[in-house]
1. I need the helices (runs of 4 or more DSSP H) fully contained in the stretch 62-158, keeping only those with at least 1 residues that are out of contact with any Leu (no Cβ under 7 Å at 6 or more places or on another chain), under 30 Å from D2 (Cα atoms) and in contact (Cβ under 8 Å) with a residue 12 or more places away in the chain.
2. Would you check if I44 is at pLDDT below 95, surrounded by 13 or more Cβ atoms within 10 Å (Cβ to Cβ) and either aliphatic (A, V, I, L, M) or closer than 14 Å to L170 by Cα (or both)?
3. Of the residues in the stretch 14-34, how many are assigned to a loop (DSSP other than H, G, I, E, B) and either touching a strand residue (DSSP E or B) at 6+ places or on another chain (Cβ under 9 Å) or crowded, with 19+ Cβ neighbours inside 10 Å (or both)?
4. Select from the stretch 83-109 the residues that are surrounded by fewer than 18 Cβ atoms within 10 Å (Cβ to Cβ) and either more than 15 Å from K8 (Cβ to Cβ) or outside the structural domain of F174 (by TED's automatic domain parsing) (or both) and write down the one among them that is nearest to the chain's Cα centre (by Cα).
5. Residue check, N31 against (1) in contact (Cβ under 8 Å) with a residue 60 or more places away in the chain; (2) more than 14 Å from the chain's Cα centre (by Cα), all met but one. Which one?
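The values are calculated or read from the model by the stated rules, or taken from the named source; none is laboratory data. Since the structure is predicted, the reported quantities are computational estimates derived from the model, not experimental observations. When we count neighbours, we look across all protein chains shown, and the Cβ atoms used for this are built from the backbone with ideal geometry, even at glycine.
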Amino acid sequence: MDLLTLGKLILATPWLICLSIRDFRKHELPNSWVFGGILVMLAIAFGVGRDYALGSLITAFLSSLFLLLPFFLRAAGAGDVKMLFAAGLIAGPGNTLNLILLVSMAGLVLALAMLFAGKVNTARVKHYCRCLFDFRYDREQGRNTLPPADTENCRVPFGAAIAAGLFLNLLIQFLYSLEVSR
């Protein structure tokens, strides 16, 4: 059994729950909460060893690059980028692709659930699909009819998807360590 992964799972779960709830309610990820998670995990990583800490920092950096383009396109917030950095740090060395895949899947499931529940306005989805697939579509006129991007029904709380992806990543790591130790 991997005690480091179990410890990260136990420490990260309440932090992830609190950040997810805050993101759902207020569409924000407070810097003090996110940076607190980063500092705690940095202390743990350097406690394990310098090589582990360096590998975790590389994973965190590469993971946060995943949201860099959506951040510049205003599709993701700065809190999401910082939280994904923290998630990469918590996931540990060598988990970049697993983390990004699980976060993406969790985001897709969350967005679809919110679409089906009527919590997200579908006008933007329709507009982007028409831009991609209908060459006769007037993009300028379509863009002018969209609701403002900062309205509440246009946002998906991606912090919850990051939290779910990280939780699943840690759970898979822990279950794998149990299987290997047999």
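1. By residue number, 78-91, 96-116.
2. Taking the combined requirement at face value, the residue satisfies it.
3. 1
4. Filtering first and then ranking leaves S104.
5. (1)
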